[in-house]
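Everything on this sheet refers to the single structure shown next.
The numbers here are math on the coordinates, done by the rules we state, and not lab data. Please read these numbers as outputs of a predicted model, since none were measured by experiment. FYI the Cβ positions are ideal-geometry reconstructions off the backbone, even for glycines, and counts take in every protein chain you see.
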Amino acid sequence: MLPDRDHEPNLMRNLPVPLRRLLWLSGALYVLYLIAGNLFLNTPVAFATINRKPQVFHAQWAWAWTLWPGQIHTLDLRLRGQMRKLLWNAQGASADGRILLWPLLRRELRFGTIRATAVKVEVQPTGIDLKPPPWRSDAWHITVVRISTRSLRQMRFGELVADGDGVAEIGFTHQLRGGATAVFPSRVSMPDARLRYGKQALLHDARFDVRFAFDPFTYELPPGWKKIERAQIQVKVDGVTPPIALGADKAGALAVTRAPLGGHLSADFALDHGTLAPGGWLQWNAPVAITDADGTQQRRRGQLDLAVQPAAVTIHARILAPGDVEGTRGANRLEADLRLASRRLFLRRSSGEMIRLLSGTAEWRWHFASLRWLTPLTAARSWLRLAGAGDVDGALHIDAGKLLPGSHVEVPRVDFAAGLLGNVFAGNARAQARVEAGKDGARMAVGMRVDPFTLAPRGAPTQAYLRGHALQLDLQTSAELADLGRDFTARLQFADAEVPDLRAYNRYLPGKSLRFLGGRGRMSTEFTVDDKGDVSAGHLRMSSPDAHIALGVSRLDGQLKMDTRLDRAARAGHAYDLKHFTLDLDGVRVAGSRTPPWWVRISLQDSRLDWDRPMHLRGSVTMVMKNLSLLLSLYADRSALPHWITRVIDDGQATAHARIVAQHSDFILDHLVAGNERIDLFAHLRISDGKPSGDLYARWGILGLAVALDDGKRDFHLIHAGRWYRAQPDLLPPARP
């Protein structure tokens, strides 16, 4: 029913009837919109509708209203969500904006200018990758023409936080389902800001202005930080920096901490699609708190100047000794003049390409509370570790990423630890590194002399079983800075070190079957270490004047000399070919026996050694010995043998050949053939967990004797002894021809 004509305004009565009806209908619809729209915005129905995927996007507000379709005003607005591996949230005291309706027809949610107050923004990385649904060309676009605020309170990106009162204008467009994102020309400006990283203040009383825009990019392309190649960025910064204390803390990390006075930082540079624009610059100077080698506290002035030139970036840094006397040797000092022959921040090839564009000089002398940070510079893997307080004195001359002859670094004292083959060499070292010219170009030679030193198991570093002096570690590595610590060979050697107790080596031997009962010795060693920190070759020599050895149930005392050369085999783990192995035993006496001292010369052929505890040895052995008495005594006492054997076993030097295996608790000699001019001896011998067993056949002319030994019991065979022995099974396969 239409309104009463008597109550209509004069203007309305003058309008045509159809127009009056249209106006009344429009007014009714507008009132209905005001009621329905504002009720919707302030009831749970709005939150349930908008927050259908709260992990991707979630919005809430304290109060909202709308006066026109598409136009929204909110109080205490809070937004949060996740985009791939980034969690984000934004909040403001108030915000108003409008949604453009016509773009909805082309699947675009387009916002006009959004104005907000008291804005805070936070972006945090997360380990959870929230992958979008598969991309489709008709996926919706979200476009924000401009977000504007004149009361920007805080921006947080991970641990980096900027606080203050600033202005910002940002616009962007993004296609859902993993589509492209672009950032329109935007600006963030804070005239009075504070910048910190975690709890560490970086800037205060700062003015900065950042203008930026990004060409379209996706999460995958360009990857990571290379998205900067799609950006145009201009940065202007001017502020007060806190002073710093340089060095390394006792835990070994390079330390940059605060000190009581302040400094200044100014910068003005532009970045155009990953390339610094010529004319950019950065200047920093601040007090630097330093603890010198004698423990005294010093305050110096540090300075850093960076300038972007048409073809390069120049860097000048300096911290001079007290009084700005450059020749002062006893105090911390640093001076560097470097040139980077590129203005690109991210080069497209290897990460070392940037280093190869570096040239210049650097000279320093510095005292550090810990030198552990030097470790990755000397070895890419952790087999070599440097630590402890000390000085580093050096001068580098660099040309296109390569150190030139004359470059050197010296460390007068450093705590040294080298882990090889399950053991750790440790001691106090003096280290020197020098770049030397050679036929194939310059190489860096690093020498470390450790005096004194100890050797202990990796799992028990306080239980040293070898002590010595003058351990020398020499490394040869590339003079290319990009390859430092990766492309190297090393040689570790020492001579005549003391072994206080030979029983320390029992962890490598087959348990009770073969072990040391005591004795002392001397050891000399030379190892070649490859660029993976593994021993690739070695030469070990050990001697003992009073070795006490258990071989099964036999107890032997005598003098020992061992000489071994290792060559790593083409197998996984600590597997080696024994290029040379000899073991000489002299003056050997068997406990409880009155026989004269005995000797033997043992050598291995075609043998393999797995160093891992316990050792696994497999190969062929040759033994030249005074006589056969010791071999025979492993099977039976003299009193139990026929008289003719006891007469010939002591008669003349003998030679033996056998297959040998030592592993876990077993020591095996198989296919043993021994003899002298009068007697021949054949045997299978296994000593397992200290208990010998096996078969033996002795032959003298037409006479023969066989013995079967098992669990301490002996079974003699006098008739058809040879036939019986040949019927016994082998313990090991025969050697390959």
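For Asn627, the residues 5 or more places off, or on other chains, whose built amide H falls under 5 Å of its own are Trp599, Ala654. With no solvent and one equal point scatterer placed on each C-alpha of segment 201-248, evaluate the Debye formula and give log10 I(q)/I(0) for q = 0.23, 0.29 Å⁻¹, two decimals. With one equal scatterer per Cα and no solvent, log10 I(q)/I(0) is -0.81, -1.01. Each DSSP beta bridge with both residues in the chain is either parallel or antiparallel, and the antiparallel ones are about 95%. Cross-link pairs exceeding 20 Å in C-alpha to C-alpha distance, out of Lys532/Lys561; Lys53/Lys131; Lys439/Lys532; Lys85/Lys236; Lys512/Lys691, comprise Lys532/Lys561; Lys439/Lys532; Lys85/Lys236.
Our coupling estimate for segment 519-532, obtained by passing each phi through the Karplus curve with A = 6.51, B = -1.76, C = 1.60 and θ = phi - 60°, is x, 10, x, 10, 10, 10, 9, 9, 10, 9, 10, 8, 6, 9 Hz, Gly and Pro reported as x.
Measuring r between the beta carbons of His273 and Asp730 and using R0 = 56 Å, the FRET efficiency lands at 0.15. Considering only Cα atoms, the convex hull volume of segment 471-576 works out to 113 Å³ per residue.
Taking the alpha-carbon centroid of each part, what is the distance from segment 69-145 to segment 499-523 in angstrom? For segment 69-145 versus segment 499-523, the Cα centre distance is 73 Å. Rg over Rh of segment 42-146, using C-alpha atoms and the Kirkwood radius, what does it come to? Dividing the radius of gyration by the Kirkwood radius yields 0.97. Note on Val529, Val450: ascending count of other Cβ atoms within 10 Å places them as Val529, Val450, the fewest first. Which whole number in µm²/s is D for the chain by Stokes-Einstein, with the Kirkwood Rh taken over Cα pairs at 4 °C and 1.567 mPa s? Translational D for this selection: 38 µm²/s.
Sorting 468-477, 691-700 by their mean Cβ neighbour count within 10 Å, with the most densely packed peptide first, gives 691-700, 468-477. Extension gain, Thr126 to Arg486: 0.36 nm times the residue separation minus the Cα-Cα distance gives 126.4 nm. Distance between the modelled labels on Val673 and Arg187, one decimal in nanometres: 9.8 nm (7 Å Cα→Cβ projection). Taking 7 Å steps out from each Cα toward its Cβ at Glu220 and Glu159 produces label points 3.2 nm apart. Label segment 134-190 by shape, choosing from rounded, prolate and oblate, from the square roots a ≥ b ≥ c of the eigenvalues of the Cα gyration tensor; if a/c is under 1.5 it is rounded, and otherwise prolate applies when a/b is larger than b/c, oblate when it is not. Because a/c hits 1.5 or more and a/b exceeds b/c, segment 134-190 counts as prolate. At a Förster radius of 41 Å, what calculated FRET efficiency corresponds to the Cβ-Cβ distance of Ala59 and Arg196, to the nearest 0.05? With R0 = 41 Å, the Cβ-Cβ based efficiency is 0.90. Axis angle, to the nearest 10 degrees, between helix 17-41 and the longest C-alpha principal axis of the chain: 30 degrees. Here the spin labels are modelled as points 7 Å beyond Cα on the Cα-Cβ line, and at Asp715 and Ser620 they lie 3.2 nm apart. What shape does segment 399-499 take by its C-alpha gyration tensor, where a ≥ b ≥ c are the square roots of the eigenvalues and a/c under 1.5 counts as rounded, a/b above b/c as prolate, and the rest as oblate? The shape class here is prolate.
The GluC sites (Glu not before Pro) of segment 71-163 that meet both conditions, a loop assignment by DSSP and at most 14 other Cβ atoms within 10 Å of the site Cβ, are Glu159. Note on Lys85 and Ile35: the extension gain reaches 13.9 nm, defined as 0.36 nm multiplied by sequence separation minus the Cα-Cα distance. Maximal additional length on extending the Arg723-Ala437 stretch stands at 95.8 nm, based on 0.36 nm per residue less the C-alpha distance.
Please report the relative contact order for the chain, taking Cα pairs under 8 Å with a sequence separation of at least 6, and give it as a percent rounded to a whole number.
RCO, the chain: 4 percent.
Computed from the Cβ-Cβ distance with R0 of 30 Å, the FRET efficiency linking Arg430 to Arg522 stands at 0.80.
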